[in-house]
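Notes follow once the structure below has been shown.
The values are calculated or read from the model by the stated rules, or taken from the named source; none is laboratory data. Remember, predicted model here, so these are calculated numbers, not experimental data. Backbone-built Cβ (ideal geometry, glycine too); neighbour counts: all protein chains shown. Each accessible area value is taken on the protein alone, full model and side chains, heavy atoms only, with ligands, DNA and RNA left out. Shrake-Rupley method; radii C 1.70, N 1.55, O 1.52, S 1.80 Å.
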Amino acid sequence: MSLRIALLNAAHDGEDNRRNFRRELDADLVEFDVTERELPESFAFDACLVTGSRASVYWDEPWIADLESWVDDAIDEGVPFLGVCFGHQLLAHTLGGTVAPMDDYEIGYRTVEHDGANPLLSGVDEEFTVFTTHSDHVAELPPGATQFAENDYGVHGFRKGDVFAVQFHPEYDPATAEDVASGKDLPDERIERVLDGITDENYRAACEAKRLFDNFTDYVRGQRVAATESEQVASDD
């Protein structure tokens with residue numbers, strides 16, 4: 001069953017996001033450059049994905065306000081969502097949670113734990129390796145949301161209904177990790193440590209978390225089948 005997913009690209013230079021998510025998602029991705037205030041004209045998608053960004057969700061910028069308003073309406077229409085990094089934070093903020101700056105920047109290959117109960121990380125070891133890069137975090141979950149992943153820096157995954165969000169970057173390839181780390185305004189010695197950690201071994205370990213993309217599309221397909229069956233039952237009545 002082919003899926004049509006809106007890729008809400010929040011990077012100001014979206015090529016890495018475009019390459020990485022098109023490689024990982026088994027779906028027809030329709031891309032929108034939300035930093036240029038491009039948004040879908042309808043909610044006629046099987047799902048939506050909000051990407052990472054160098055922006056903070058609490059910045060007073062028109063494109064962020066436009067995106068949050070559209071996402072809020074799409075959620076109300078029942079469209080499933082997956083958010084990554086900035087997308088994770090934007091979904092939390094949209095749903096009534098709190099996003100705040102962190103005391104320390106999290107960056108590099110890190111260990112995250114999940115509770116084993118959420119379908120998004122089905123088949124992933126409860127302790128797993130991922131690439132992280134963020135200076136904001138979800139300080140307070142949205143009302144009714146459930147946290148399913150975390151580490152010592154805080155929330156790394158939550159769900160509310162058909163909305164799933166992760167703070168880490170399961171889509172990153174080594175080239176993206178190197179580009180992002182090299183461009184950070186952090187002490188040289190810390191950047192060197194991060195770059196030294198971008199190894200084939202760490203990347204192979206982090207590939208386990210890519211399973212969440214198939215889990216998400218499987219979930220969306222299941223929701224679509226259930227909706228079709230419900231409509232069929234209603235028409236038979």
Quiz item: Got a sec? Charge dipole of the chain, +1 on Cβ for Lys and Arg, -1 for Asp and Glu; which of 89, 170, 139 is way out at the positive end?
Solution: 170
Quiz item: What is the dipole size for segment 1-76, taken about its Cα centre, with +1 at each Lys and Arg Cβ and -1 at each Asp and Glu Cβ, in debye to the nearest 20?
Solution: 340 debye
Quiz item: Rg to Rh ratio, segment 73-163, alpha-carbon atoms and Kirkwood radius?
Solution: 0.95
Practice problem: Compute the projected area of the convex hull of the Cα atoms of segment 100-237, averaged over all viewing directions, and report it in nm² to one decimal place. | Solution: 10.2 nm²
Quiz item: Any idea what the relative contact order of segment 41-190 is, in percent, if you count C-alpha pairs under 8 Å spaced at least 6 apart?
Solution: 24 percent
Quiz item: Accessible surface of residue 66 in the full protein assembly, 1.4 angstrom probe, to the nearest 10 Å²?
Solution: 50 Å²
Self-check item: Leading residue at positive end of dipole, the chain (Cβ point charges), from 65, 75, 212
Solution: 212
Exercise. Hey, can you find the accessible area per residue of segment 106-187 for me, probe 1.4 Å, expressed in square angstrom?
Key: 39 Å²
Quiz item: Carbon and sulfur together cover what percent of the accessible area of segment 167-220 at a 1.4 Å probe radius?
Solution: 41 percent
Quiz item: Using a simple spin-label model with points 7 Å from Cα along the Cα→Cβ vector, what separation in nm is obtained for residue 225 and residue 102?
Solution: 3.8 nm
Self-check item: Förster-model FRET efficiency, 22 Å R0, residue 122 and residue 189, C-beta, rounded to 0.05
Solution: 0.05
Exercise. Measure off, as a whole percent, the carbon and sulfur share of the 1.4 Å-probe accessible area of segment 2-58, all protein chains present.
Key: 41 percent
Quiz item: Can you pull the percent of segment 71-163's accessible area that's carbon plus sulfur, 1.4 Å probe, other chains left in place?
Solution: 38 percent
Quiz item: Rounded to two decimals, what ratio of Rg to Rh does segment 46-90 give with C-alpha atoms and a Kirkwood Rh?
Solution: 0.96
Exercise. Could you grab the Rg to Rh ratio for segment 1-91? Cα atoms only, Kirkwood for Rh.
Key: 0.93
Quiz item: Do any chymotrypsin sites (Phe, Trp or Tyr not before Pro) in segment 3-55 lie in a DSSP loop with no more than 15 other beta carbon atoms within 10 Å, and if so, which?
Solution: 43
Quiz item: Taking every eigenvalue of the Cα gyration tensor of the chain, multiplying by 5 and rooting it, what semi-axes result, largest first, whole Å?
Solution: 29, 20, 17
Quiz item: Using unit Cβ charges (K, R positive; D, E negative) and no other charged atoms, how large, in debye to the nearest 20, is the dipole of segment 1-155 about its Cα centre?
Solution: 340 debye
